[in-house]
Structures are given as structure tokens and as C-alpha cells.
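Worksheet for the structure shown next.
The values are calculated or read from the model by the stated rules, or taken from the named source; none is laboratory data. All of these numbers come straight from a predicted model, not from anything done at the bench. Positions of Cβ are generated from backbone atoms using ideal geometry, with glycine treated the same way; all protein chains shown enter the neighbour counts. Keep in mind that these areas ignore ligands, DNA and RNA; they rest on the heavy atoms of the full protein, side chains included. Shrake-Rupley method; radii C 1.70, N 1.55, O 1.52, S 1.80 Å.
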Amino acid sequence: MSDVRIVTEADFEDWQRALATGFLEPPALTPEELDARRLQFVPGRLLGAFDGGRCVATFRSFAQELTAVGGGLVPADAISNVTVSPTHRRRGLLTRMMNQDLAAAKERGDVVATLIAAEYPIYGRYGFGPATWSTQWTVEVPRAGLDPRWSGPDDGGRIDLVDGAEVRKLGPELHERFRRAQPGAVSRDELWWQMHTGAVRYRADWTEPFYAVHRAADGEVQGLVAYKSDDTWNGKQPDQTASVLKLTATTPAAERALWHYLCSIDWITKVKTGFRSPDDLLPCYLPDPRAARITGHADWLWVRILDVVRALQARTYEGTGTLVLEVVDDAGLAGGRFRLEASPDGAFCAPAATEGADLTLGVGELASVWLGGESVLRLAALGRVREEREGAARKADALFRSSARPWCPDIF
């Protein structure tokens, strides 16, 4: 039987090889790549399964903050680098690693756990639920209807090209303002900025993208985009695609200006947006919204509630009301009966073992509605939420839904 345990520094190279194997990447790393990845090593937060001295499964978690509806920040156990080698599948290794990590997160006081699921069916059985979704568009620039003579914002703002060093200076503060207003957004540490600007080379083939910042008339940085371009020509005609890696904006004016900038670059005939919120304003910024064609849509951030009381009290609500929720958690981490008194100003939640429940739902379903992106009524229609009192699902739907879709722009 494989031994599941905390990974030590001495195990790290073997663990990285198993990680690459699990993701079907070349398993041999250069010394420089290994040194860069070693910066992510946090004692106690890497798990591995070992068989005969060889690592055959990997699991990493790290500290994160997640923005709830209304701007509250909750401590999260962010989970990543989950693999099981093909020689050791279906032996319960992921379950053992997940149970160990979630128990430690609960003991630490994390309110939720988060992850980006590579495969949909895996994580529901551990109490996770899809809580944000992501949509990709491809913009056909020639038919978008934008003014081809556009040379910059007409409101006194400006767009400047910058390099990675400047992004490391300007980006963190911009992201802080953005994420505190965006439910579903997550924190980024200094290492994130280093890895995404080339100061730390996680991959040997990393190449620097183009970076552009939007400054308002008063000089405040309100937007940042990172993008790359291919080198496609149709005979003597340029037919190049700009692919957005990240686009962050704190105002609609900055967002509009950055999209217009991308669509105005000479030789660019298509813009691929990368992963955006399903209710992104991009199509409506274009005179012809049909020029933005949806090319991808899927679940994105998955959330696992570890502390129901703190999670429900961390967010605000669209209306005012009281609900008693029966939360089912097979793992025994966060289940029970809870009374929620909600309002736009905040909420109070407490265990309510002696009260009758209005709704019964799994902890994964609670996670899906907690950020406001899923409908309680839809889940009830699917049989995943059970009404114990008539009308409770509609009442809960009105409380939990938010006016803007939750969105997580990051992958981790």
C-alpha cells in the first residue's frame, strides 16, 4: 500500500517528476526550472503518495483569499497540482490526500477550499461545487464596426506599453482594487507576479508577452492587459490573432479602451479574449456584438465550504429574510442545521439543531449558490435541493443570487 505523507525538501525533485508525469508533460526538469518551482515549496502544504520510495501521486495547497458577495474576504485553502500516476489509479490515493488536506484546512480555520477542476466528475464527491463559470470569445475585428481611425481614449485617458518590471510595480495595487469588488476573485502573492512577468521562469520556453496599461485622465492606473500575437499571413495579407492572457480593469471606461486598443492594432484581424466572466461587457462594447463569437464556456472555480457559519456571514444578500438550512456533508466537516438571517447589510448565522429546516442541500450545492452564480430554483428542479417548506427555494434564490456574476480570472 502506498504511503501518503507530507513532502519534504528531499522529496521535492521526485515529487515534481511525478507531477509532470501526471499532467503528461516531459518529466525531466532543468536545474533552472526546478529552482523556480522550488519557490512554491511551503513546508507542510505539499502531499505525496510514495510506493517503494517513488512518488506516484501529488497534491499541493497554499493560502489564498477569496472575495465573497459584497466584498468580504475569506481565508481559503487553494488546492493545485493534483495528480495520480497512471500506474496507481483507482487506489484511493486522491481521497487520502484530499481528506488529509481538508482536515488540516479546517483545523487552520480556513472558511473554504478552492480549486480549478481539470475534470468535472472528480471533485463533487469531496464536497466541492462549481461556483464560477468562464466564457471565451473570439472577436472578428473587421466586422466589429469599430472606428479604424481610433488612436486612443477620448476622455483624457491614455494607453501605454510597459514591460514586466513595470507590471510588477503597477499590477498588484490594481489587482487589489479589482478583486475587492469582484465576487469570486482570488488574491495573488508576489511570486505570482514574478512568475507571470518572467522574473521567475517556471518554464524554459517562457516568452514575454506585450503589456499595456490604461491610465485615467488623472494618471490613475485603471486597467492592464497582457497579450501575445501569432505570425499568420494569408499570402501578402496579415491575418494575425491577438490572444489575451489577462485583462484587468477597475472601470468600464478602462475595459472598453483596452478592448478597443487590442482591436485597433495593425495586422490584428482576430482577438481571442481568454477566460472572461459569462456576463462580460465585451460584446456590447462593439457596434456589432455578433463579431464576438463564443468559443468556449465551462465551469471554472470550484468551492468547498469548510465553515458554514463564517461563509454565510461573510457575504451580503440581495434581500432580507430568514432561512433554516439543512446542510448535508458526508465528510463530516461542515454539515448540520443552520439558521441564516440575511440582509443587504450582512447576515447572522448560527447552528439551529432544534429548528425545522426550510431547505435541505448538499455542501457542494451550498458552495455553488454561495457566490451568487447558481440558482437555488434550478438546483431544486434538478433534485439537488429539497424544499422542506413550500416556497423556500424561491425565497432562498432571491436571497442568494447576486446582480453580477461571480468570476475568477485566475487559474492555479
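What single numbered condition from (1) open to solvent by less than 50 Å² (accessible area, probe 1.4 Å); (2) within 25 Å of TYR120 (Cβ to Cβ); (3) polar (S, T, N, Q) fails to hold for GLN40?
Against the list (1) open to solvent by less than 50 Å² (accessible area, probe 1.4 Å); (2) within 25 Å of TYR120 (Cβ to Cβ); (3) polar (S, T, N, Q), GLN40 comes up short only on (2).
What number goes with the only condition from (1) among the hydroxyl-bearing types (Ser, Thr, Tyr); (2) surrounded by fewer than 17 Cβ atoms within 10 Å (Cβ to Cβ); (3) touching a residue at least 40 places away in the same chain (Cβ under 8 Å) that THR207 does not pass?
Only one criterion in (1) among the hydroxyl-bearing types (Ser, Thr, Tyr); (2) surrounded by fewer than 17 Cβ atoms within 10 Å (Cβ to Cβ); (3) touching a residue at least 40 places away in the same chain (Cβ under 8 Å) is unmet by THR207, namely (3).
How do the helices (runs of 4 or more DSSP H) wholly within the range 277-375 filter down when requiring 1 or more residues that are in contact with an Asp or Glu (Cβ under 6 Å, 6 or more places away or on another chain), touching a residue at least 60 places away in the same chain (Cβ under 8 Å) and farther than 17 Å from ALA398 by Cα: which remain?
On the way: elements: 282-285, 308-314, 363-370.
Filter on the range 277-375 gives 363-370.
From the list GLY373, GLY336, GLY362, pick out the single residue that is open to solvent by 10 Å² or more (accessible area, probe 1.4 Å), small (Gly, Ala, Ser) and on the phi > 0 side of the Ramachandran plot.
On the way: GLY373 fails: on the phi > 0 side of the Ramachandran plot; GLY362 fails: on the phi > 0 side of the Ramachandran plot.
Only one candidate passes the filter, namely GLY336.
Condition check: over 30 Å from LEU247 (Cβ atoms), open to solvent by 20 Å² or more (accessible area, probe 1.4 Å), small (Gly, Ala, Ser) and in contact (Cβ under 8 Å) with a residue 12 or more places away in the chain. Does ALA396 satisfy that? Break it down into steps so the answer makes sense when it comes.
Values: over 30 Å from LEU247 (Cβ atoms): yes; open to solvent by 20 Å² or more (accessible area, probe 1.4 Å): no; small (Gly, Ala, Ser): yes; in contact (Cβ under 8 Å) with a residue 12 or more places away in the chain: yes.
Criteria not met by ALA396.
Which of the residues belonging to the range 82-94 are in contact with a helix residue (DSSP H, G or I) (Cβ under 8 Å, 6 or more places away or on another chain) and among the hydroxyl-bearing types (Ser, Thr, Tyr)?
The answer is THR83, SER85.
Scan the range 73-109 for residues that are open to solvent by less than 20 Å² (accessible area, probe 1.4 Å), outside any helix (DSSP H, G or I), closer than 18 Å to ALA367 by Cα and in contact (Cβ under 8 Å) with a residue 40 or more places away in the chain and report the count.
Step one: list which residues in the range 73-109 are open to solvent by less than 20 Å² (accessible area, probe 1.4 Å), which gives 74, 76-80, 83, 85, 88, 93, 97-98, 101-102, 105.
With outside any helix (DSSP H, G or I) added as a condition, the list becomes 74, 76-80, 83, 85.
From what is left, the residues that are closer than 18 Å to ALA367 by Cα are 74, 76-79.
Narrowing the set further to residues that are in contact (Cβ under 8 Å) with a residue 40 or more places away in the chain leaves 74, 76-78.
Going through the range 73-109 one residue at a time, the tally reaches 4.
Any residue in the range 134-155 that is at pLDDT 95 or above and closer than 24 Å to GLY364 by Cα?
Scanning the range 134-155 turns up at least one residue that is at pLDDT 95 or above and closer than 24 Å to GLY364 by Cα.
How many residues, within the range 147-170, are closer than 13 Å to VAL221 by Cβ and in contact (Cβ under 8 Å) with a residue 60 or more places away in the chain?
The total comes to 2.
Mind listing just one residue for me: the one in the range 356-400 that is under 21 Å from ARG304 (Cβ atoms) and charged (D, E, K, R) and, of those, nearest to the chain's Cα centre (by Cα)?
By that ranking, first place goes to GLU374.
Scan ALA242, ALA254, ALA212 and give me the residue that is assigned to a strand (DSSP E or B), hydrophobic (A, V, I, L, M, F, W, C) and closer than 20 Å to GLN136 by Cα. If you could, list the steps in order and put the result at the bottom.
Working: ALA254 fails: assigned to a strand (DSSP E or B); ALA212 fails: closer than 20 Å to GLN136 by Cα.
After applying the criteria, what remains is ALA242.
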